[in-house]
Structures are given as C-alpha cells and as structure tokens.
Amino acid sequence: MSDSNFTTTFSVEQTPQEAFAAITNVRGWWSEEIEGGTERLGDEFTYRNQDVHHCTMRLVDVVPDRKVVWLVLDNYFDFTEDKTEWKGTNVVFEISRNGGSTEVRFTHAGLVPEYECFDVCSNAWGSYINGSLRNLITTGKGQPNPKEGREERTS
C-alpha cells in the first residue's frame, strides 16, 4: 500500500473558530441524513446515502479550533468488491492560521490509490470539502445531501 492518502487544502478569511464550528456541523455540509453526535470526543455518528454508501464514524481526536479526527468504525459501499474499504481509516481535519487567513487541511488517511473507490471517493470528498464545507464556512450555507424522501429544491 502506498502512503498517498487523499488530501485537499483551502484557505478562508474566517476564523479558526468559525471553521471548527462548520466542520463539526456535519449535517450542514456532508449530509442531512447524519444520525448521532458530531461535535465531542467519543461521539459516534452514521452517514447514509441511499443504499449506495453508509458508514459509522467515531470522533477520536478533538482539539477545539485546531483539529478533528474521525475513525471509520464500519463502512459499506455497493459499488466496490471490498464493501468495507474505508473501515479502520481516519478522516482528519486540521485548522491553522496562515497569515491573515485560516487554512483547512482535509486528509482521508487510508484512502489510497490502491482502493477501488479512490477515484469516486476522492472526487466526492473534493466536492464536499472544497465546495460544501468551504461554502458553509464562508457563507453560512453548505450543500449537504438532503434527507432521503425529501424533494431536493431546484433553483
């Protein structure tokens, strides 16, 4: 296995506190279909996207305004041979001040090119992190997956 984990970074004018608040508001940028706690050390939550993907995360490291780490406790993909590819990997958010801006560095440690889902998952993370999460931090509104059974609004 390579150590080429998926990583992406962006900078915003908002404070580290605002970035941290947005990161821990997982329903505001990833999915409204999240069940469980998403803010405190030891919290566990479940993400579900129809029958295509579901996973359970535990917050294993939380340093307010600096870092959040999720451990993937369980995972299911309907589109990969190994349905549990993410299991045991870490999703890491690191926040730092860089000059007059705040930098958010996202790493999915263990999501490597050898994984069948690498391309699909990297593209999805890129969209959620650089699009939805960034927008939640900068404008107060992200673009999470809507709750299942609810009509998606069109503009």
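The values are calculated or read from the model by the stated rules, or taken from the named source; none is laboratory data. Because the structure is predicted, anything quoted here is derived from the model rather than measured. When we count neighbours, we look across all protein chains shown, and the Cβ atoms used for this are built from the backbone with ideal geometry, even at glycine. With ligands, DNA and RNA removed, areas are computed over all heavy atoms of the protein, side chains included. Shrake-Rupley method; radii C 1.70, N 1.55, O 1.52, S 1.80 Å.
Using beta carbons and a limit of 8 Å, which pairs, at least six apart or on different chains, have the first residue in the range 98-110 and farther than 22 Å from GLU85 by Cα and the second one open to solvent by 50 Å² or more (accessible area, probe 1.4 Å) and of a type in the set (Lys, Arg)?
GLU103/ARG97; VAL104/ARG134
I'm trying to understand the selection: among the residues of the range 53-72, which are open to solvent by less than 50 Å² (accessible area, probe 1.4 Å) and over 28 Å from GLU18 (Cβ atoms)?
HIS53
Only one of LEU73, LEU133, LEU111, LEU41 is closer than 17 Å to VAL26 by Cβ and part of a loop (DSSP other than H, G, I, E, B). Can you tell me which?
Residue meeting the stated conditions: LEU41.
Before we move on, is ASP78 among the charged types (D, E, K, R) and in contact with a His (Cβ under 9 Å, 6 or more places away or on another chain)? Talk me through it step by step, then tell me what you get.
Details: among the charged types (D, E, K, R): yes; in contact with a His (Cβ under 9 Å, 6 or more places away or on another chain): yes.
Yes; evaluated as a whole, the condition is true for this residue.
Under 9 Å by Cβ, and 6 or more places apart or on different chains, what pairs join a residue from the range 48-74 that is under 19 Å from ARG97 (Cβ atoms) and free of Cβ contacts under 8 Å to residues at least 60 places away in the same chain with one that is small (Gly, Ala, Ser) and open to solvent by 20 Å² or more (accessible area, probe 1.4 Å)?
Once the first residue is under 19 Å from ARG97 (Cβ atoms) and free of Cβ contacts under 8 Å to residues at least 60 places away in the same chain and sits in the range 48-74, its partners that are small (Gly, Ala, Ser) and open to solvent by 20 Å² or more (accessible area, probe 1.4 Å) give VAL62/GLY42; ASP65/ALA21; ARG66/SER96.
If you go through the range 136-155 one residue at a time, how many are crowded, with 17+ Cβ neighbours inside 10 Å and modelled with pLDDT of 95 or more?
4
Among the residues of the range 11-24, are any assigned to a strand (DSSP E or B), open to solvent by less than 20 Å² (accessible area, probe 1.4 Å), within 18 Å of PRO144 (Cβ to Cβ) and among the hydroxyl-bearing types (Ser, Thr, Tyr)?
The answer is no; no qualifying residue exists.
On the given criteria, is LEU133 at pLDDT 95 or above, closer than 18 Å to VAL12 by Cα and under 13 Å from the mean Cα position of the chain (by Cα)?
Details: at pLDDT 95 or above: yes; closer than 18 Å to VAL12 by Cα: yes; under 13 Å from the mean Cα position of the chain (by Cα): yes.
Here the answer is yes, as LEU133 does meet what is asked.
Among PHE106, PHE77, which is the only one that is under 24 Å from SER4 (Cβ atoms), at pLDDT 95 or above and surrounded by 15 or more Cβ atoms within 10 Å (Cβ to Cβ)?
Answer to the selection: PHE106.
Say we look at the range 80-103 and pick out the residues that are among the hydroxyl-bearing types (Ser, Thr, Tyr) and assigned to a loop (DSSP other than H, G, I, E, B); which of these is surrounded by the fewest Cβ atoms within 10 Å (Cβ to Cβ)?
Among residues in the range 80-103 that are among the hydroxyl-bearing types (Ser, Thr, Tyr) and assigned to a loop (DSSP other than H, G, I, E, B), the one surrounded by the fewest Cβ atoms within 10 Å (Cβ to Cβ) is THR84.
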